[in-house]
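All remarks here apply to the structure that follows.
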Amino acid sequence: MNTSVCTSASTAVYPSFSSYVRARGPVLQRTARALTSNPCDAEDLLQTALTKTYLAWERIEDHRALDGYVRRALVNTRTSQWRKRRVDEYPCEELPEREAAPQADPAEQQVLRDAMWRAVRRLPERQRAMVVLRYYEDLTEVQTAELLGVSVGTVKSAVSRALGKLREDPELSHAA
């Protein structure tokens, strides 16, 4: 996809702005495309962000950091668009009845939790520690690796093997 960004230097008050847009336009277009759901919205988003950048051109002290400034303008503009989105809700005289979602039996949930803990306790100590830190303590792979003094790759492979063992655990397949 080749989209052009207006770079007409004859109408620009700031020739350096036009040079910047010519040089960085395709990269910024890809960033805008990543933030939106279609190419047309991406073009509009980029044009809006570049307009904001143009208006602030004299206030931008460090022109080496322009990419960051424009990316921030892209994200902020997209966030504003998202917040202003149209909501298809209309007031009415009567509230519709909510369909009750089927509630899981608390006893069955407890049976499943107990079976899961028994299965986790059957894992080798190192895998058990990594599974508990990753999924029960909600640590990242990096945090888990630092805490246990191992590499991130070790955490990934050990957790992968542990999850494989849990998937194959006969007690868990019966409890689910």
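The values are calculated or read from the model by the stated rules, or taken from the named source; none is laboratory data. All of these numbers come straight from a predicted model, not from anything done at the bench. Because the Cβ atoms are built from the backbone with ideal geometry, glycine has one as well, and the counts that use them run over all protein chains shown. Areas reflect the complete protein model, heavy atoms only, side chains present, ligands, DNA and RNA absent. Shrake-Rupley method; radii C 1.70, N 1.55, O 1.52, S 1.80 Å.
Which pairs do you get when a residue that is at pLDDT below 95, found in the stretch 131-144, comes within reach of a residue that is polar (S, T, N, Q) and not in a loop (DSSP other than H, G, I, E, B), reach meaning Cβ atoms under 6 angstrom, with the pair 6+ apart or on two chains?
LEU133/THR144; ARG134/THR144
With the requirement that a residue be over 26 Å from the mean Cα position of the chain (by Cα) and under 27 Å from VAL111 (Cβ atoms), what does the stretch 126-160 give you?
Initial filter on the stretch 126-160 (over 26 Å from the mean Cα position of the chain (by Cα)): 126-129, 148-150.
Across the stretch 126-160, the qualifying residues are GLN127, ARG128, ALA129.
Could you give every pair whose Cβ atoms fall below 9 Å, whose first residue belongs to the stretch 149-176 and is closer than 18 Å to GLU125 by Cα and open to solvent by 80 Å² or more (accessible area, probe 1.4 Å), and whose second residue is at pLDDT 95 or above and not in a helix (DSSP H, G or I), counting only separations of at least 6 or pairs across chains?
none
Just for the stretch 148-176: of the residues that are under 15 Å from ARG128 (Cβ atoms) and not in a helix (DSSP H, G or I), which one is modelled with the highest pLDDT?
In this case the residue turns out to be VAL150.
Restricting to the stretch 123-147, count the residues that are part of a helix (DSSP H, G or I) and surrounded by 13 or more Cβ atoms within 10 Å (Cβ to Cβ). Steps first, answer last, please.
Narrowing the stretch 123-147 to residues part of a helix (DSSP H, G or I): 125-136, 141-147.
Imposing the further condition that a residue be surrounded by 13 or more Cβ atoms within 10 Å (Cβ to Cβ) reduces the set to 126-135, 141, 143-147.
Final tally of qualifying residues: 16.
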